[in-house]
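Below you'll find the structure, written out as structure tokens, and then a few comments.
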Amino acid sequence: ANSYFQKIYTSEQSIAEVIEMLKRFKTSSNQREQEIFACMIHNLFDEYRFFHKYPEKELRITGILFGTLIQHQLVSSITLGIALRYVLEALRKPHWQSGKMFRFGMFALEQFKARLSEWPQYCSHIVQIDYLNANHPDLVEEIKRAMQSSKPTAGDGGASLGPMDEAV
């Protein structure tokens, strides 16, 4: 599983190619491919606590990959809640301390902006981040528009993020 990440970081494979591979592996009838998919997601999530130590290039690639997983619905249910929480936590990190986690959050968020209307409660947490309001007003306005365009489904109530509510 880690060799696939290495290929992204060394530009042997593009993020788009790895995402397409992950889509195949997730729905594969081959048990080994399903295990590789699960292992790659697990390893990426485990690495979260080290993202602040990543060099800038790897941080950008990882943020884009992370957000693209969300955009393409490769994570769902509890795993989706954790992924969204990680992005929100990163956006809340003090930008003046190196700013790496904040930048990771921005790289990731940029990839799944199109899905934000699905999670109005999540959006409400993002727009409360003072630094974003002060320094990225266009993004905040875009997120507010996503909140307004969202239509909760019956029984949704915005609680579809599961562990997200505990983290905020």
Would you confirm whether or not the range 6-17 contains a residue that is buried (at least 18 other Cβ atoms within 10 Å of the Cβ) and among the aromatic types (F, W, Y)? no
Of everything in the range 106-131, what is over 21 Å from H72 (Cα atoms) and touching a helix residue (DSSP H, G or I) at 6+ places or on another chain (Cβ under 7 Å)? Give them in sequence order. S124, H125, V127, I129
Only residues in the range 58-70 that are under 12 Å from Y48 (Cα atoms) and at pLDDT 95 or above count as the first member; pair them with residues that are of a type in the set (G, A, S) and in a helix (DSSP H, G or I), Cβ under 9 angstrom, at least 6 apart or cross-chain, and list the lot. T62/A108; G63/A90; G63/G105; G63/A108; F66/A83; F66/A108
Quick check on this structure: which one of I70, I82 is touching a helix residue (DSSP H, G or I) at 6+ places or on another chain (Cβ under 6 Å), of a type in the set (A, V, I, L, M, F, W, C), under 19 Å from W119 (Cβ atoms) and assigned to a helix (DSSP H, G or I)? I70
Which of the residues spanning the range 43-57 are within 18 Å of I70 (Cα to Cα) and in contact (Cβ under 8 Å) with a residue 40 or more places away in the chain? N43, F45, F51
Inspect all residues belonging to the range 19-39 and state whether any of them is free of Cβ contacts under 8 Å to residues at least 40 places away in the same chain, outside any loop (DSSP other than H, G, I, E, B) and closer than 18 Å to E110 by Cβ. no
If you scan the range 72-106, which residues turn out to be crowded, with 18+ Cβ neighbours inside 10 Å and of a type in the set (S, T, N, Q)? T79
Under 13 Å from the mean Cα position of the chain (by Cα), modelled with pLDDT of 95 or more, acidic (D, E) and exposed (fewer than 15 other Cβ atoms within 10 Å of the Cβ): which single residue out of E35, E110 fits that description? E110
Qualifying residues in the range 143-166 (those that are touching a Lys or Arg at 6+ places or on another chain (Cβ under 9 Å) and either outside any helix (DSSP H, G or I) or loosely packed, with under 15 Cβ neighbours inside 10 Å (or both)) - the one modelled with the highest pLDDT: L161
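The values are calculated or read from the model by the stated rules, or taken from the named source; none is laboratory data. In this text the structure is predicted, and so the values were computed from the model without any measurement. Backbone-built Cβ (ideal geometry, glycine too); neighbour counts: all protein chains shown.
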